[in-house]
Amino acid sequence: MHEPDDSGVMAVRGQVAGQPVVAYCTDAPVTEGALGDRGCRHIVHAIDVAVRDRVPVIGVWRSAAARTGDPVESTDGVERLFSAMMRASGLVPHIVVDTEEAYPQTCLGPLLAELVAQQHQIPGGAAAPAGRGHHGAIPL
């Protein structure tokens with residue numbers, strides 16, 4: 001969906017069991033999972049394409065936080081990302097695999113999906129509540 005870059009995000013089209021999907025991943029080794037404006041734009045585009053094509057979207061979150069080097073742009077990007085997730089809610093399945101403990105400012109991002117699979121507890125020790133679709137959080 002975009003050329004590889006240093007944003008720390010990759011978004012692709014693919015198939016799962018022969019069915020089309022759109023997927024994105026925050027890449028912790030590249031930017032420690034921190035989201036900047038460009039990375040957020042990649043995810044927003046992926047979600048918008050999934051909604052347009054009416055296919056599921058799968059996100060893999062790896063310790064995402066807003067980048068500190070460009071705090072205004074990063075915070076704006078995260079807000080646009082959350083808005084895209086809300087717009088997609090109820091239109092296409094949005095599945096998030098949350099692989100690492102998220103930073104407090106973005107730990108709610110994965111919880112905007114319909115289904116969340118997580119391998120940790122959210123900050124503060126509470127288990128993540130069900131996603132927006134109320135299908136629940138599944139421990140990995």
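The values are calculated or read from the model by the stated rules, or taken from the named source; none is laboratory data. Worth saying up front: this structure is predicted, and the values here are computed from it rather than measured. Using ideal geometry, Cβ is built from the backbone for each residue, glycine included, and neighbour counts are taken over all protein chains shown.
Observations, loosely collected:
- Residue pairs meeting the criteria (Cβ under 8 Å; at least 6 apart or on separate chains; first among the β-branched types (V, I, T) and part of a helix (DSSP H, G or I), in the range 66-94; second surrounded by 13 or more Cβ atoms within 10 Å (Cβ to Cβ) and modelled with pLDDT of 70 or more): V78/L35; V78/C40
- The residues of the range 11-47 that are assigned to a strand (DSSP E or B) and within 11 Å of the chain's Cα centre (by Cα), listed by number, are A11, A23, Y24, C25, T26, L35.
- Search result, residues across the range 39-67 that are out of contact with any helix residue (DSSP H, G or I) (no Cβ under 8 Å at 6 or more places or on another chain), at pLDDT below 90 and surrounded by fewer than 21 Cβ atoms within 10 Å (Cβ to Cβ): V60, A65
- Selected residue [of a type in the set (A, V, I, L, M, F, W, C), at pLDDT below 90 and touching a Cys at 6+ places or on another chain (Cβ under 9 Å)] from V78, V30: V78
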